[in-house]
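The values are calculated or read from the model by the stated rules, or taken from the named source; none is laboratory data. Predicted model, so just to flag it, every value in this text is computed and none were measured. Because the Cβ atoms are built from the backbone with ideal geometry, glycine has one as well, and the counts that use them run over all protein chains shown.
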Amino acid sequence: MSSYQEFYGSEDESRDALNRSSSTPFHEIPDLGVGVETGNNRSWQQRLGKSCKPFVKKRVPILQWAPKYNVECLQGDVLAGFTVGLTVIPQGIAYAVVSGVEPTYGLYSSFIGCFVYMLFGSCKDVTIGPTAIMSIMTHEYLKALDCGEGETVGPTQVAVMLTFITGIVILLATVLRIGFLVTFIGRTVISAFTSAAAVTIATSQIKGLLGLSFEAEGFIQTWKAIFQHISETRYQDAVLGIVCCIALLLLKSMRELNAAKPREGDSTKQRILKKAIFFVSVGRNAIIVIISTGIAYGLRESEPFKITGDITAGFPKVSVPSFSVTCNNGTEDLDFTEIASRVSIGLFILPLIAVIENIAIASAFAGGKAIDATQEMLALGLCNVTGSFFQSIPTTGSFSRTAVNATSGVKTQAGGLTTGLLVILALLFLTPAFKYIPKASLSAVIICAVIFMIEYHDVLPIWRTYKLDQVPLWTTFLLCVFWALEWGILVGALVNICVLLYLQATPDVVVSLRETSEGGSSYVTEVRGILNKVILNEIPTAIKNLCKEFSARSQKIAFANMRGHVRTSLLALIPNLEEISLPADPLAQVVVQDTPSVGNSPQPLLSHEHDRPAQASLPVDAPARDTVQGGASEDADARPPEEVPLMASSSDDRPAVIKKADH
């Protein structure tokens, strides 16, 4: 029966019903599916409700975990939220200074995102708020307005407007499902951009650390101005800033000590002591700012330090973002068109950076589970749109605070509720004390946070795995540092796409078949492509997933002749890893064993040469070779072409081999 007949009935049934209607009271006329709401319509509505319920639960994750919430979750969330709150208050003030707006706007940005993400976020560890990269990017676009030295109203209004536009663009990308474009940027480009942003931010804070006063733009101009004004260094600020940096680094390293790590058999006193060390370490920013503020307050008569100054107290005014500003002491009015023309590409770069940061952080803390990138983009877009009504600057996920949240034992997204409430309490009651925060201590907090964002440890693995990836890496880094962050990441992304196109246009493998006594054919899938998509520290996870795919097909995979550190890395993720020894070939090898359709015991795929299993070994000069063996061979160019990794499935007994082509 067609869907039309199911809903309206057959033509004969409809005709009979109409004939009967002439002698039937109106209220007894049978339902023909048109215009009258009856049980059929109600059942259709019920079906619609049932189909919408899973969608709503998926897009509002709090509906999934809230019914399971218990006292244990509450304890973990309150503790973690309080710890993150101690971290975000000094960071929010510091990042507002980096953005070029009043410090209080950093606190405005630190609570509303926590509340919205609690409702729509999919990763319990992620915390939304101001970050170093988003702050420096916001500052770049506020400088483009040139509202005049000393003005704050104009730039602040534009920063709030950028928050609204950032959220809208992210939501549009979510609806249009174009978030996949982020994948074209590439891991090397993101690594270089993050490192360049960290270098730029740290450079901009040297002025505050030394108590200098000058105006400069860009990396080179800033360092040039630092050396020109070095004789004007305020020694009180410099000493305080350097001491704060040393103290922050020491407190950070405390929890890394073996004596501070919890162990089985610890006594109650030991557990309490180690827990105290942990909280002192993660709350180091708040501790340093509180101590330095106390010192500045005690010496306020002599004013030895440059201090933050008056900070507006109270809850932010809830209002619609303004799309026009007045600059230059009221002499120049800028409408949205003029602002957009000056900010230009920043209207799209800010959302792009926000999405990259947030998804990268959510993936890192997902515990190996696949994240819903669409849901994360939806949550991030709503955080920024809602935040703009509360005077927030652009926000995204914070890696440092997310790490604190995870290590503090957060159980659900409700941990953000405690963090947000703590920030609100600080706005209501603590802002008078914020006046005496030394600028040198804030600069120290920022510098000690961003220096760990410099991903220098990625350079050597990228060099070992695939040297051509150094081109987009260094192109992005140098352009971001010496030109502009937004153009650096765009050009780097284009270079990365060119590298990908080059690889696709110049394949270096050929497929050959080997005859067996049975004849027939086999099919192969290249493993090397899987390995090339991940960097060195992700290879064990990729191989683990590869083993799962083979296991699902009732196949077994064994690894031969692995080096010690490779074996250690793989066994950490795959405890039941099977390793065999093939002394005839010193190269790392992958042996695939297939389960035949007849019989219970698996049989290996055999070639007739030496009766050895069909195997795939990595080429010496291939990216995957360096990744698995941990380094390139010195005589790589002198070796003959070797077999490339493959996955073989024997529909009959004719194994296929992929060999590296000669060039």
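Quick notes
- Selection of helices (runs of 4 or more DSSP H) fully inside region 383-453 by the criterion of at least 2 residues being surrounded by fewer than 19 Cβ atoms within 10 Å (Cβ to Cβ) and either not assigned by TED's automatic domain parsing to the domain that holds VAL239 or not acidic (Asp, Glu) (or both) returns 399-407, 415-429, 431-434.
- ALA259 vs. criteria in the same structural domain as VAL423 (by TED's automatic domain parsing), at pLDDT below 85 and part of a helix (DSSP H, G or I): yes
- Applying the criterion of at least 2 residues that are hydroxyl-bearing (Ser, Thr, Tyr) and out of contact with any strand residue (DSSP E or B) (no Cβ under 7 Å at 6 or more places or on another chain) to the helices (runs of 4 or more DSSP H) found wholly in region 67-184 leaves 71-99, 104-108, 132-143, 153-176.
- Candidates ASP469, ASP458 - the one that is touching a Ser or Thr at 6+ places or on another chain (Cβ under 7 Å), of a type in the set (Asp, Glu) and either surrounded by fewer than 17 Cβ atoms within 10 Å (Cβ to Cβ) or in the same structural domain as ILE133 (by TED's automatic domain parsing) (or both): ASP458
- Answer residue from region 69-99, given it is among the hydroxyl-bearing types (Ser, Thr, Tyr) and closer than 13 Å to GLY415 by Cα and is modelled with the highest pLDDT among those: TYR69
- Single match in ILE178, ILE165, ILE220 (criterion: farther than 27 Å from VAL243 by Cα and either in contact (Cβ under 8 Å) with a residue 12 or more places away in the chain or more than 26 Å from the chain's Cα centre (by Cα) (or both)): ILE165
- Hey, ALA225 over 16 Å from PHE305 (Cβ atoms), surrounded by 17 or more Cβ atoms within 10 Å (Cβ to Cβ) and either at pLDDT below 85 or of a type in the set (Phe, Trp, Tyr) (or both) or not: no
- Residues satisfying the stated conditions in region 277-310, i.e. part of a helix (DSSP H, G or I), over 30 Å from the mean Cα position of the chain (by Cα) and either touching a residue at least 12 places away in the same chain (Cβ under 8 Å) or under 21 Å from GLY92 (Cα atoms) (or both): ILE290, ILE291, SER292, THR293, GLY294, ILE295, ALA296, TYR297
- Check on SER204, in a helix (DSSP H, G or I), modelled with pLDDT under 90 and either of a type in the set (Ser, Thr, Tyr) or in contact with a helix residue (DSSP H, G or I) (Cβ under 9 Å, 6 or more places away or on another chain) (or both): yes
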